[in-house]
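Novice: Sending over a structure as structure tokens; questions will come in a sec.
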Amino acid sequence: MTDDKDVLRDVWFGRIPTCFTLYQDEITEREAEPYYLLLPRVSYLTLVTDKVKKHFQKVMRQEDISEIWFEYEGTPLKWHYPIGLLFDLLASSSALPWNIIVHFKSFPEKDLLHCPSKDAIEAHFMSCVKEADALKHKSQVINEMQKKDHKQLWMGLQNDRFDQFWAINRKLMEYPAEENGFRYIPFRIYQTTTERPFIQKLFRPMAADGQLHTLGDLLKEVCPSAIAPEDGEKKNQVMIHGIEPMLETPLQWLSEHLSYPDNFLHISIIPQPTD
């Protein structure tokens, strides 16, 4: 992979200032102060909110506490989506800090998966990494790794250790010199305007004529409504990690540098904010 280490670092250390507030109908023994936290974009809500949980449980009785869940402006937040994706999709045009409501009751079974433990997060994360490698290398790289390498990937993410994580993840981002890229690009495209959770299809990083496919090529093929017609006004923003990459950017480069730790490009299509 081309060595743009600063890009990898910037992506890894992206943070979202967040204010957690307890839902007004939760029963407390005294007033619950809000809790402020810088959330890592590349992580998962249930992985980085132990302090939030402890903070609010201090003012609650044990019998009033069941599984914690989070909500933003009426939308339950899916813990199995990376934090940066949730923010880009639902809150990128709102002012900071991001205001998240914390619940300990009335778990929304229809909208959210249960997260009984950190093991559930690890299992979800590793299944995404394996799926991505099946697309990129027919699973050859992940299958050649030892169990301890898989563990190191997970521990690097869990403990926010950039070097520990990338020492292993680097191997998942390589490809044979004669191939000019991955077999297929692991990506998911999300829109708030549809019921469908996301779009995911097989898409190669290179065209039959040897030209590198770009982000624009991908969108034209799988989500044409995201792109403004040449003479029309721009109706959508295409976001990855809180930025709008140029549509001319090669997909292979994006996959190597702007994928989340699960090795997928999580792309949000959101309506262009009106000032």
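Novice: Kindly rank 200-213, 235-248 from highest to lowest mean number of other beta carbons found within 10 Å of each residue.
Specialist: Averaged packing, sorted descending, gives the order 235-248, 200-213.
Novice: Apply the Karplus parameterisation 6.51 cos²θ - 1.76 cosθ + 1.60, with θ equal to phi minus 60°, to every residue of the range 69-86 and state each ³J(HN,Hα) to the nearest whole Hz, in sequence, with x for glycine and proline.
Specialist: Residue by residue, the range 69-86 yields 8, 10, 9, 10, 6, x, 9, x, 8, 6, 5, 7, 8, x, 4, x, 5, 4 Hz.
Novice: Go ahead and estimate [θ] at 222 nm for the chain from helices alone: -39,500 (n - 2.57) per DSSP H run with n ≥ 4, summed, over the residue count, rounded to 500.
Specialist: Computed mean residue ellipticity for the chain: -9000 deg cm²/dmol.
Novice: May I ask for log10 I(q)/I(0) of the range 13-172 at q = 0.14 Å⁻¹, from a Debye sum over the Cα atoms as equal point scatterers with solvent left out?
Specialist: At q = 0.14 Å⁻¹ the computed log10 ratios are -0.78.
Novice: Apply the Karplus parameterisation 6.51 cos²θ - 1.76 cosθ + 1.60, with θ equal to phi minus 60°, to every residue of the range 89-105 and state each ³J(HN,Hα) to the nearest whole Hz, in sequence, with x for glycine and proline.
Specialist: Each residue's phi maps through the Karplus curve to give 6, 10, 9, 5, 9, 9, 6, 8, x, 6, 9, 10, 9, 9, 10, 10, 9 Hz.
Novice: Now for a different question. Using packing as a proxy for protection, rank 121-127, 28-34 so that the peptide with the highest average count of other Cβ atoms within 10 Å comes first.
Specialist: With the highest mean Cβ count within 10 Å placed first, the list reads 121-127, 28-34.
Novice: Determine, for each peptide in 110-118, 260-268, the mean count of other beta carbons within 10 angstrom over its residues, then list the peptides with the highest first.
Specialist: 260-268, 110-118
Novice: Tell me, how many Å apart are the Cα centres for the range 220-241 and for the range 49-105?
Specialist: 30
Novice: Once Lys and Arg get +1 and Asp and Glu get -1 on their Cβ, which of Cys19, Gln211, Ala177 lies farthest toward the positive end of the dipole of the chain?
Specialist: Sorting the options by dipole projection puts first Ala177.
Novice: Then there's this: Counting Lys and Arg as +1 and Asp and Glu as -1, each charge on the Cβ, what is the dipole of the chain about the Cα centre in debye, to the nearest 20?
Specialist: Computed about the Cα centre, the dipole is about 760 debye.
Novice: May I ask you to give the solvent-accessible area per residue for the range 118-173, in square angstrom, as obtained with a 1.4 angstrom probe?
Specialist: I get 49 Å² per residue for this part.
Novice: What per residue convex hull volume, in Å³, comes out for the range 118-173 when only alpha-carbon positions are used?
Specialist: It is 67 Å³ per residue.
Novice: Something else now. If amide hydrogens are placed 1.01 Å from N in the peptide plane, which non-local residues have theirs closer than 5 Å to the one on Leu39?
Specialist: Result for Leu39 returns Ile16, Thr18.
Novice: Along its three principal axes, how long is the range 187-269 when you only count alpha carbons? Whole Å, largest extent first please.
Specialist: Taking max minus min along each principal axis of the Cα atoms, the range 187-269 gives 32, 31, 22 Å.
The values are calculated or read from the model by the stated rules, or taken from the named source; none is laboratory data. These figures come from a predicted structure and were not determined experimentally. Because the Cβ atoms are built from the backbone with ideal geometry, glycine has one as well, and the counts that use them run over all protein chains shown. Note: areas computed on protein heavy atoms with side chains; ligands, DNA, RNA excluded. Shrake-Rupley method; radii C 1.70, N 1.55, O 1.52, S 1.80 Å.
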